[in-house]
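Data block below; observations after.
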Amino acid sequence: MSELKRRNKSKDITSEKPADEVKDPEKKHAGATASSTNQSIPLRVLSRIVVISSLLIVVYFSSKDDKLNTFAKQSELLPGKGRVVECSAEYLKEIDNFEGCYPRECKRYISDKVISAREADDLLAIAKKGFKLGGSSGGASILDLHSGALSKGQHFVNIYKLDEAKDLFTENDFNTFRVIKEKVKYSVAHHFGVDPSKIYLTSPTFFSEMTPRKAVTIHDEYWHPHVDKETYKSFHYTTLLYLGDYGIDFKGGRFVFIDDKYNSTVEPRKGRVSMFTSGSENYHYVEKVTDGVRYAMTVAFSCDKKYEINELKK
């Protein structure tokens, strides 16, 4: 009997629900409207999020473009153009140990008048002679005439130990390098207010060849932001000699100084010399080359005589 009562009770409760709904049709309509409203709220919110996100993306990339400043255009012939930057504390602390090598100010300086177009062509010819005997599997190759290091495949070889290179470089090639090195050295001394006898050619000083080929080893990944002084302990003053023209000989490959407010780009121009203090005040990277071949030469100077490298000799 108890079991029967429980079954009837359960049946009554279940059967009452439809009765309630039939008795109060207005309540049913109100519930349906509320449900529809609740479903539409997430859709409206989602739509607004999509619109706002789209606007933020546009603003973000627009602001990035606004913060990109071309410091030196390829189309400009610059007698000289500089920008003073605040020296990093660690750079000054180290360089203070070397008399006659303390800069008047930290900066980056660009000039198209340090070396001639003929000298740039002579350097390019020397570089190409060497690179013909090597070449990285990836997009970046180097040739260091002082150590003999040459990129070849995924490794480095000593170009002076290759049979094909026995008479590759002439005394005239080495004289050309020495003359240009002296011009650059005295230009650094003049623009940074240091004693030319107190800055020393240091290693690595090398030619670079950059192409659009995909990186194969870490040595091919030249585009990472870096500080020269952290990468090369011996560096105090960095100079770059460009041996080709941006937008003509290659695309991409601009040099970019990373600053707080905006980035400053240097477009390579054949014969252009870029010089800067090697500390973190000149944090930088090179854009990936997307077409053609980009040739340049890095010539570095140290305030520490123990890092001096010997002159090139036949």
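The values are calculated or read from the model by the stated rules, or taken from the named source; none is laboratory data. Owing to the predicted nature of the structure, the values given are computational and were not obtained by experimental measurement. Glycine also receives a Cβ, built like all others from the backbone with ideal geometry; neighbour counts cover every protein chain displayed.
Of the strands (runs of 3 or more DSSP E) that lie entirely inside the range 54-149, those containing 1 or more residues that are among the basic types (Lys, Arg) and either more than 24 Å from LYS233 (Cα to Cα) or at pLDDT below 95 (or both) span 81-85. When the range 171-209 is filtered for residues that are touching a Phe, Trp or Tyr at 6+ places or on another chain (Cβ under 8 Å), among the hydroxyl-bearing types (Ser, Thr, Tyr) and within 18 Å of THR277 (Cα to Cα), the ones remaining, listed by number, are TYR200, THR202, SER203.
Which one of these does ARG44 not meet: (1) at pLDDT below 95; (2) in a loop (DSSP other than H, G, I, E, B); (3) of a type in the set (D, E, K, R)? With (1) at pLDDT below 95; (2) in a loop (DSSP other than H, G, I, E, B); (3) of a type in the set (D, E, K, R) applied to ARG44, the lone miss is (2). Being of a type in the set (Phe, Trp, Tyr) and within 16 Å of the chain's Cα centre (by Cα) is a property that TYR237 lacks.
So, VAL299, is that one out of contact with any Phe, Trp or Tyr (no Cβ under 8 Å at 6 or more places or on another chain), β-branched (Val, Ile, Thr), assigned by TED's automatic domain parsing to the domain that holds TYR232 and at pLDDT 95 or above or not? The answer is yes for VAL299.
This table checks each residue for (1) free of Cβ contacts under 8 Å to residues at least 12 places away in the same chain; (2) farther than 20 Å from ILE258 by Cβ; (3) loosely packed, with under 13 Cβ neighbours inside 10 Å.
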{"residue": "ALA72", "(1), (2), (3)": "no, no, no"}
{"residue": "LEU78", "(1), (2), (3)": "no, yes, no"}
{"residue": "LYS81", "(1), (2), (3)": "no, no, no"}
{"residue": "GLU90", "(1), (2), (3)": "no, no, no"}
{"residue": "LYS93", "(1), (2), (3)": "yes, yes, yes"}
{"residue": "GLU99", "(1), (2), (3)": "no, yes, yes"}
{"residue": "TYR102", "(1), (2), (3)": "no, yes, no"}
{"residue": "LYS107", "(1), (2), (3)": "no, no, no"}
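Residue pairs whose Cβ atoms lie under 9 Å apart, sitting 6 or more positions apart in sequence or on different chains, and linking a residue in the range 136-154 that is crowded, with 16+ Cβ neighbours inside 10 Å to a partner that is among the basic types (Lys, Arg) and in a loop (DSSP other than H, G, I, E, B), are SER136/ARG213; SER137/ARG213; GLY138/ARG213; GLY138/LYS214; GLY139/ARG213; GLY139/LYS214; GLY139/LYS288; ALA140/ARG213. Here the condition is being crowded, with 16+ Cβ neighbours inside 10 Å, in a helix (DSSP H, G or I) and in contact (Cβ under 8 Å) with a residue 60 or more places away in the chain; of VAL179, VAL184, it holds for VAL184 alone. Out of all the residues in the range 264-281, is one or more under 25 Å from LYS214 (Cα atoms) and of a type in the set (A, V, I, L, M, F, W, C)? Checked the range 264-281: at least one residue is under 25 Å from LYS214 (Cα atoms) and of a type in the set (A, V, I, L, M, F, W, C).
Condition first: in contact (Cβ under 8 Å) with a residue 60 or more places away in the chain, surrounded by fewer than 16 Cβ atoms within 10 Å (Cβ to Cβ) and more than 21 Å from the chain's Cα centre (by Cα). Can you find one or more residues in the range 58-69 that meet it? For the range 58-69, residues in contact (Cβ under 8 Å) with a residue 60 or more places away in the chain, surrounded by fewer than 16 Cβ atoms within 10 Å (Cβ to Cβ) and more than 21 Å from the chain's Cα centre (by Cα): absent.
Looking at the range 204-222, which of its residues are surrounded by fewer than 20 Cβ atoms within 10 Å (Cβ to Cβ) and part of a loop (DSSP other than H, G, I, E, B)? Across the range 204-222, the qualifying residues are PRO212, ARG213, LYS214, ALA215, VAL216, THR217, GLU221. Assigned to a strand (DSSP E or B) and closer than 22 Å to LYS305 by Cβ - does that describe any residue in the range 191-200? Yes - at least one qualifying residue is present in the range 191-200.
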